[in-house]
Amino acid sequence: MIDLSVSLAPGLCLKNPVMTASGTFGYGREYEPYLELDQLGAVVTKGLSLLPKAGNPPPRIMETPCGMLNAIGLENIGVEAFLRDELPGLKAAKATVVVNFFGETVDEYVELAGILDREAGIDALEINISCPNVKAGGLQFGTDPEMAAGLVAAVRRQTSLPLITKLSPNVTDIAGMAVAVAEAGSDCISLINTLTGMAVDLQSGRPVLANVTGGLSGPAIKPVALRMVYQVLQKVKIPVIGIGGITSARDALEFLLVGATAVQIGTGNFVNPAVAAEIAAGIEAFLRERSISRVSEFIGSLQLPESC
């Protein structure tokens with residue numbers, strides 16, 4: 001047997017390093033016709049807010065070469081409906097559940113963390129800091145290290161659950177952001193979120209997305225994501241989850257090779273709804289072929305040139 005288990009934080013041990021990425025897997029149960037949720041290391045839910053959120057008007061998604069643009073606008077059913085209607089099914093499926101959540105003020109984040117902390121069946125929280133702080137003139141939490149650290153510290157005081165902080169790539173110093181949230185109490189870091197992009201329609205002379213800009217994801221961003229994961233791992237001691245353009249076991253293994261403890265699958269779920277389970281099986285097959293008995297032995301085994 002190949003040991004695929006990984007530890008992301010005290011009390012958060014996954015059976016394998018494959019997770020789903022928030023916003024690409026619904027609330028989890030939508031994918032039950034295609035795979036068994038307990039086959040995955042963890043299911044990361046669609047981002048939750050205190051109250052239901054309608055998101056942006058359409059059109060809000062489009063395909064791009066090697067990826068997609070989306071401007072969904074964090075549409076979700078709200079935390080109350082999630083706990084009532086979705087969490088019981090995830091528990092019944094024996095899924096490891098990571099709840100992604102967001103707010104527009106520190107107080108909203110803290111209130112959400114407190115609500116989620118009290119619920120049995122939630123294994124960890126993933127805090128989305130790529131949101132505007134309405135009390136700070138709309139500046140994103142995820143672009144200011146001091147603001148991000150203050151937010152993470154406030155949430156950390158509110159919950160004993162393992163805390164993952166999801167970082168935006170739309171910054172000048174991703175490693176600096178990672179250090180700030182790690183020092184503030186984050187148990188783990190996930191990166192990257194989407195890159196800001198845009199598309200226009202030559203026929204109409206208008207932007208394709210009603211929101212004008214959106215988040216670029218998919219294979220096109222994988223080299224950027226891989227570089228950022230590697231950079232962050234040179235600066236922090238806590239586990240890192242790699243995200244960005246992972247559609248195959250080979251992609252996932254590249255992130256593990258540079259040191260990511262786990263990976264999240266995003267856009268690939270839209271192409272093949274069973275891809276996350278297939279990637280987990282592919283990682284196991286690769287390790288077996290190499291006679292590696294534990295995935296932990298492979299993680300971070302990148303061989304650098306002597307000059308580096």
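Throughout, read-outs are computed from the coordinates displayed, never taken from laboratory work. What you see is a predicted model; the values in this text were computed from it and never measured. Every residue, glycine as well, gets a Cβ built from its backbone with ideal geometry; the counts of neighbours run over all protein chains shown.
Quick notes
- Projecting the Cα positions of Ala184, Val110, Thr261 onto the charge dipole of the chain (unit charges on Cβ atoms of Lys, Arg, Asp and Glu, taken about the Cα centre) puts Thr261 furthest along the positive direction.
- Lysines with Cα under 27 Å of Lys15, excluding same-chain neighbours fewer than 8 positions away: Lys46, Lys91, Lys94, Lys166, Lys222, Lys235, Lys237
- The calculated FRET efficiency for Ile2 paired with Asp173, based on their beta-carbon distance and R0 = 41 Å, is about 0.65.
- Segment 50-202 shape via C-alpha gyration tensor axes, a/c threshold 1.5: oblate
- Gyration tensor (alpha-carbon) shape descriptor, the chain, a/c threshold 1.5: rounded
- Inter-label distance, Glu104 to Glu306: 5.9 nm, where each label sits 7 Å from its Cα along the C-beta direction.
- Computed FRET value (nearest 0.05) for Glu36 with Ser293, which takes r as the C-beta separation and R₀ as 41 Å: 0.95
- Sorted ascending by nearby beta carbons within 10 Å, beginning with the fewest, Met228, Met1, Met177, Met62 become Met1, Met62, Met228, Met177.
- 12 Å beta-carbon shell around Asp38, net charge (K/R +1, D/E -1): +1
- Sequence-separation-based contact order of segment 41-190, relative, with Cα cut under 8 Å and 6+ spacing, percent: 19
- Model label sites at Glu75 and Ala210, defined 7 Å from Cα along the beta-carbon direction, differ in position by 0.9 nm.
- Linear extension gain, Ile61 paired with Arg227, 0.36 nm per residue minus alpha-carbon span: 57.1 nm
- Neighbour counts of other Cβ atoms within 10 Å put Lys46, Lys94, Lys53, Lys237 in the fewest-to-most order Lys237, Lys94, Lys53, Lys46.
- Relative compactness, segment 156-308, computed as alpha-carbon Rg over 2.2 N^0.38 Å: 1.17
- Under the span-like rule (Cα at least 15 Å along the axis, Kyte-Doolittle mean at least 0.0), DSSP H helices of the chain: 106-117, 145-158, 222-233, 275-289
- Cα gyration tensor shape for segment 263-308, rounded if a/c is under 1.5, else prolate or oblate: oblate
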